[in-house]
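The values are calculated or read from the model by the stated rules, or taken from the named source; none is laboratory data. All figures in this text were calculated on a predicted structure; none of them were measured in a lab. Heads up, the Cβs are rebuilt from the backbone with ideal geometry, glycines too, and the neighbour counts pull from every protein chain shown.
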Ligand SMILES: C[S@@+](CC[C@H](N)C(=O)[O-])C[C@H]1O[C@@H](n2cnc3c(N)ncnc32)[C@H](O)[C@@H]1O
């Protein structure tokens, strides 16, 4: 199967100039990422579409919210997803949080390989990180429902979280949840919820 590092129309302006470094990250995921168990065995196209293109949509969300030069916490980052593509395509500082030391050590090595100044791999329990107010992202870490529970009473917080196609019910007096749908390639639709605390 030929691998095509394509960008969807929505991601072209955001990422076209960063294609070389995104492809370098893709190579790292498929070699080191698989070898060290950060991601399971997947083909090249899957790694590009599901991990990299999917992550780029998180960056689109922050661009639309006009969030610049801020710290964003990627909870349960694993191999740096979505935090690394978010760091590559924005000037925010991305704090990559994971509870597994081996994952954080790989991400420290990756920081040097990609020469990325705006990432901070951090060994921490995400349940402690989210005690603070702030900006959070996560992919395949927790459900929207659990994210809502964690965010209770954390005013001035935004959590952008990968979600299922079905919209989650929520208390509209406490939160606003925007359910976004986007294609990661010609066929596959994915979903992200943008939760803000009122
Ligand atoms: C299913 S993986 C998802 C990784 C990545 N976000 C992705 O989309 O591929 C979940 C990650 O969360 C981490 N994790 C689990 N519990 C955690 C906790 N309490 N605090 C921080 N990280 C945690 C795991 O070590 C793992 O790397």
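Just checking, does the stretch 53-63 include any residue being within 16 Å of the ligand (Cβ to nearest atom), farther than 23 Å from residue 161 by Cβ, surrounded by 15 or more Cβ atoms within 10 Å (Cβ to Cβ) and in contact (Cβ under 8 Å) with a residue 24 or more places away in the chain? Spell out how you get there, then give the answer.
Restricting attention to the stretch 53-63, the residues satisfying the condition of being within 16 Å of the ligand (Cβ to nearest atom) are 53-59, 61.
Next, only the ones that are farther than 23 Å from residue 161 by Cβ stay: none.
Within the stretch 53-63, not a single residue is within 16 Å of the ligand (Cβ to nearest atom), farther than 23 Å from residue 161 by Cβ, surrounded by 15 or more Cβ atoms within 10 Å (Cβ to Cβ) and in contact (Cβ under 8 Å) with a residue 24 or more places away in the chain.
Considering only residues of the stretch 89-121 that are more than 9 Å from the ligand (Cβ to nearest atom), buried (at least 20 other Cβ atoms within 10 Å of the Cβ) and part of a helix (DSSP H, G or I), which is nearest to the chain's Cα centre (by Cα)?
107
If you go through the stretch 157-169 one residue at a time, do you hit one that is within 17 Å of the chain's Cα centre (by Cα), touching a residue at least 24 places away in the same chain (Cβ under 8 Å) and surrounded by fewer than 17 Cβ atoms within 10 Å (Cβ to Cβ)?
yes
Do we have residue 36 as surrounded by fewer than 24 Cβ atoms within 10 Å (Cβ to Cβ), under 22 Å from residue 125 (Cα atoms), away from the ligand (no atom under 11 Å from the Cβ) and touching a residue at least 24 places away in the same chain (Cβ under 8 Å) here?
Numbers: surrounded by fewer than 24 Cβ atoms within 10 Å (Cβ to Cβ): yes; under 22 Å from residue 125 (Cα atoms): yes; away from the ligand (no atom under 11 Å from the Cβ): yes; touching a residue at least 24 places away in the same chain (Cβ under 8 Å): yes.
Criteria met by residue 36.
Out of curiosity, is residue 27 modelled with pLDDT of 95 or more and more than 16 Å from the ligand (Cβ to nearest atom)? I'd like the intermediate steps shown before the answer.
Working: modelled with pLDDT of 95 or more: yes; more than 16 Å from the ligand (Cβ to nearest atom): yes.
Here the answer is yes, as residue 27 does meet what is asked.
When residue 42 is evaluated against the numbered criteria (1) within 27 Å of residue 2 (Cβ to Cβ); (2) assigned to a helix (DSSP H, G or I); (3) more than 10 Å from the ligand (Cβ to nearest atom), which criterion, by number, is the only one it fails?
Among (1) within 27 Å of residue 2 (Cβ to Cβ); (2) assigned to a helix (DSSP H, G or I); (3) more than 10 Å from the ligand (Cβ to nearest atom), the lone unmet condition for residue 42 is (2).
Since residue 14 meets every condition but one in (1) surrounded by 14 or more Cβ atoms within 10 Å (Cβ to Cβ); (2) part of a loop (DSSP other than H, G, I, E, B), which condition does it not meet?
Condition (2) is where residue 14 drops out.
Name every residue in the stretch 122-135 that is more than 12 Å from the ligand (Cβ to nearest atom) and surrounded by 14 or more Cβ atoms within 10 Å (Cβ to Cβ), in order of residue number.
Result: 133, 134, 135.
Residue 134 - would you say it is touching a residue at least 12 places away in the same chain (Cβ under 8 Å) and within 13 Å of the chain's Cα centre (by Cα)? I'd like the intermediate steps shown before the answer.
Numbers: touching a residue at least 12 places away in the same chain (Cβ under 8 Å): yes; within 13 Å of the chain's Cα centre (by Cα): no.
No; evaluated as a whole, the condition is false for this residue.
Confirm whether residue 75 is within 16 Å of the ligand (Cβ to nearest atom) and without any contact (Cβ under 8 Å) to a residue 60 or more places away in the chain. Walk me through how you get there before you give the answer.
Numbers: within 16 Å of the ligand (Cβ to nearest atom): yes; without any contact (Cβ under 8 Å) to a residue 60 or more places away in the chain: no.
Against the criterion (within 16 Å of the ligand (Cβ to nearest atom) and without any contact (Cβ under 8 Å) to a residue 60 or more places away in the chain), residue 75 does not qualify.
Go through the stretch 78-88 and count every residue that is more than 20 Å from residue 130 (Cβ to Cβ) and either within 9 Å of the chain's Cα centre (by Cα) or more than 8 Å from the ligand (Cβ to nearest atom) (or both).
If we filter the stretch 78-88 for residues that are more than 20 Å from residue 130 (Cβ to Cβ), which is where we start, we get 79, 84-85, 88.
Now drop any that are not either within 9 Å of the chain's Cα centre (by Cα) or more than 8 Å from the ligand (Cβ to nearest atom) (or both), which leaves 84-85, 88.
Counting residues in the stretch 78-88 that are more than 20 Å from residue 130 (Cβ to Cβ) and either within 9 Å of the chain's Cα centre (by Cα) or more than 8 Å from the ligand (Cβ to nearest atom) (or both) gives 3.
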